[in-house]
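Below: the structure, in structure tokens.
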Amino acid sequence: MADDGDWRARAAPPVTLSREAVGAVGSTRLHRHTVELPGVRGARRRKVVGVVERPDAVAVVVLRRSPDGADVETLLVRQPRPAVGDPALIELVAGKVEDGETDPVAVGRRELAEEAGLAADHWTVLAERLLASPGYSTEAITLLAAWGTSEVPSRPEDAHISGCWVPLSDALAEVGGRIRDMKTVVALQLVAADRHRLPPSLRHAHRRSP
């Protein structure tokens, strides 16, 4: 039911009555929570929910000027995602926050080196701790942009991940088409909507007419 209340006001949090561990695979843990939620006219109701506890993550929009100077390009990678049955999902460089890591930029640097064999001189935060799927998961993702890249050694264990530079305009045109990964969609849109965060050389494309 909709009302005319202040959408910014904080609602009363649910009361967690019990937590039960169900299982774990690697860093992913499944719990069964019994919670008490606000109901109609002050009444409260109980609900059992499945909660997936996941480490937080970062995703990086890596940018550069194309070699001919005509375009702003972004780095997209392909990697298998068995959970959605995709052998080569198109997405940004991304990865989870490991134990003891607190700086998302440091995590982004590590992931960029491991997955793409690149380092970047310049970084900016696009959005902090966006909730990936709050209906059931604890995971929050911080979105970053990086530029000023140079090559560094990558990890052999990430050899299944391949990357390519794509004009940013082409990547944006594929949102909802070949690009379906949500963190990638949101990060690309944030860069496109807020280019003043970037240096002047990366704010506009200068494509020549054919």
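What follows is calculated from the coordinates using simple rules that are stated; it is not laboratory data. Just so you know, these numbers come straight off a predicted model, no measurement behind them. Don't worry about glycine lacking a Cβ; one is built from the backbone with ideal geometry, like all the others, and counts go over all protein chains shown.
What the table shows:
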read-out: Selected from 136, 105, 11, residue furthest toward positive end of dipole (the chain; charges at beta carbon); value: 11
read-out: Along each principal axis, Cα extent of the chain, largest first, Å; value: 66, 45, 32
read-out: Cα-based helix-to-principal-axis angle, 104-116 vs the chain, degrees rounded to 10; value: 60 degrees
read-out: Folded to 0 to 90 degrees: helix 182-193 orientation relative to the chain principal axis, Cα; value: 60 degrees
read-out: Share antiparallel - DSSP beta bridges, the chain, percent rounded to 5; value: 85 percent
read-out: Rg followed by Dmax, in Å, when the range 125-209 is reduced to its Cα trace; value: 15.3, 49
